[in-house]
Amino acid sequence: MKLGCWIEAMRLRTLPVSLAGVFYAAGIGAATWRFQLPPVVLCFVFALLAQIASNFANEYYDFKGGLDKAGREGPRRGVTEGDITPGAMKAATYVTLAAACVVGCVLVWLYGSWWMYLVGIITAFGVIAYSSGPYPLSHHGLGEVAVICFFGIVPVSLTYILQAGFLPWWVFLASIGIGVMIANVLIVNNYRDMDDDRAVGKNTLAVILGRRPMLWIYLMNGFLGVLLTLPEWMAVMKLWWMAPMVYLLLHSLLCVRMSKLNGRALTPILGMTAVLILFYCATYFIVAIA
């Protein structure tokens, strides 16, 4: 097996979103004089490992369920195309997930409270439940809800709590805002794969609603995300509107571009959406900590 096949299976274009929420929470920590580097670094590592495990699980369980066919749109599926054996992908899924759990346990033991172990267990089950189990979330139009929860609410809220010891209501609202922004990455992915998913009975939200509603949801998610995170920008910048406006401009342009493309041509839009969200969150962190 070639290293490149495993790198492809990690889906590097999507990985910026695993860092975005932690960056934003670290920025809030800096803005409120509660920033702590060690737990933030461990949160970065946990989030990255958990997303890679989720991507591996998605590839393995979609192959096992007969939902991935050779020649599908989007990135090459290593298991489906025969580049990676199903057993190797299953092992990689659970080894990576176990590594994330070890990091999470160390993080909670050093800086957290007992109830965070429960959140970690739910997150670990969520990694697998997204693609498998009796009711796979991604197969029933709930993938975006899972993303809002596990890429927005959980990382932003917990990263802040691990720094400050409590969770203000406005940080929770910001976590939802980051979550709906990140859900756009999945929206592009499912928008691109809609025809393939419909053919195999995978009922993503894009399959259920169709292309035009998904474009509107994509557009509105960006504006809702900015609205819910705007108070943090107003607290740290004199020209607080500049970075959010840059984000919304580029986000709107991506939406227009998305409406004109189909199939594999949408893959760069997926990567650009992820990078734009990381830009938004990392810029806030830089401004807050400066």
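The values are calculated or read from the model by the stated rules, or taken from the named source; none is laboratory data. These numbers come from a predicted model, not from an experiment. Don't worry about glycine lacking a Cβ; one is built from the backbone with ideal geometry, like all the others, and counts go over all protein chains shown. For the accessible areas, the whole protein counts, side chains as well, though only heavy atoms, and no ligand, DNA or RNA atoms are used. Shrake-Rupley method; radii C 1.70, N 1.55, O 1.52, S 1.80 Å.
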Discussion item. Could you tell me the calculated FRET efficiency between M234 and K64, based on Cβ-Cβ distance and R0 = 51 angstrom, to the nearest 0.05?
Written reply: 0.60
Worksheet item: Between V40, L253, V106, whose Cα lies farthest towards the positive end of the dipole of the chain when Lys and Arg beta carbons carry +1 and Asp and Glu beta carbons carry -1, centred on the Cα centre?
Response: L253
Practice prompt. Output the relative contact order of region 120-225, whole-number percent, from Cα pairs under 8 angstrom with separation of 6+ residues.
Written response: 29 percent
Discussion item. Suppose the chain between V246 and F166 were pulled fully straight at 0.36 nm per residue; how much longer would it get relative to their current alpha carbon spacing?
Written reply: 25.7 nm
Worksheet item: Top mean-square fluctuation among P155, P168, P231, Gaussian network model of the chain, C-alpha springs under 10 Å?
Response: P168
Response to the item:
Any aspartates and glutamates whose Cα falls less than 15 Å from that of K2, other than same-chain ones fewer than 8 residues away, would be E81, D83
Worksheet item: If all Cα-Cα distances of region 173-290 are sorted into 10 Å bins from 0 onward, what percent lands in each bin, rounded to whole numbers?
Response: 14, 44, 27, 12, 3, 0
Worksheet item: Quick one: putting +1 on the C-beta of Lys and Arg, -1 on the C-beta of Asp and Glu, what dipole do you get for region 124-246 around its Cα centre, in Debye to the nearest 20?
Response: 160 debye
Item to complete: Quote to one decimal, in nm, the extra length available between I122 and V41 on full extension: 0.36 nm per residue of separation minus the C-alpha distance between them.
Response: 27.0 nm
Worksheet item: Farthest toward the dipole's positive end in region 159-290, which of T283, A174, A199, given Cβ charges of +1 (Lys, Arg) and -1 (Asp, Glu) about the Cα centre?
Response: A199
Item to complete: In whole angstrom, note down how far apart the Cα centers of region 1-57 and region 161-223 are.
Response: 18 Å
Item to complete: For region 237-276, just the Cα set please: Rg and Dmax, both in angstrom.
Response: 12.4, 42
Worksheet, complete the sentence: Highest GNM mean-square fluctuation among M89, M234, M194, for the chain with Cα springs under 10 Å, belongs to M234
Discussion item. Residues of region 190-205 with the amide nitrogen closer than 17 Å to a label point 7 Å from the Cα of S259, along Cα-to-Cβ, please.
Written reply: 191-192
Item to complete: Can you spot the lysines whose alpha carbon is less than 27 Å from K260's alpha carbon? Ignore those fewer than 8 places along the same chain.
Response: K69, K202
Response to the item:
Expressed as a whole-number percentage, the relative contact order of the chain with C-alpha contacts under 8 angstrom and at least six residues apart is 26 percent
Item to complete: Give the share of C-alpha pairs in each 5 angstrom bin for the chain, from 0 to the last occupied bin, in whole percents, shortest bins first.
Response: 1, 6, 13, 17, 18, 17, 13, 9, 5, 1, 0
Worksheet item: Assigning unit charges at the beta carbon (Lys, Arg +1; Asp, Glu -1) and nothing else, what dipole magnitude in debye, to the nearest 20, does the chain show about its Cα centre?
Response: 360 debye
Fill in: Surface accessible to a 1.4 Å probe, per residue, for the residues of the chain, Å²
44 Å²
Practice prompt. Could you tell me which of rounded, prolate or oblate describes region 146-223, using a ≥ b ≥ c as the square roots of the eigenvalues of the alpha-carbon gyration tensor, with rounded for a/c under 1.5 and, failing that, prolate when a/b is larger than b/c and oblate otherwise?
Written response: prolate
Worksheet entry | Fully extended contour minus Cα-Cα distance, from L173 to I286, at 0.36 nm per residue | 38.6 nm
Response to the item:
GNM on the chain, Cα springs under 10 Å; top mean-square fluctuation among G271, G87, G263 goes to G87
Response to the item:
Per the 1/(1 + (r/R0)^6) rule, R0 = 41 Å and r from the Cβ atoms of V200 and K2, FRET efficiency to 0.05 is 0.95
Worksheet item: Which parts of region 231-271 would a label at W216 reach, counting a residue when its backbone N lies under 16 Å from a point 7 Å out along Cα-to-Cβ?
Response: 256, 259
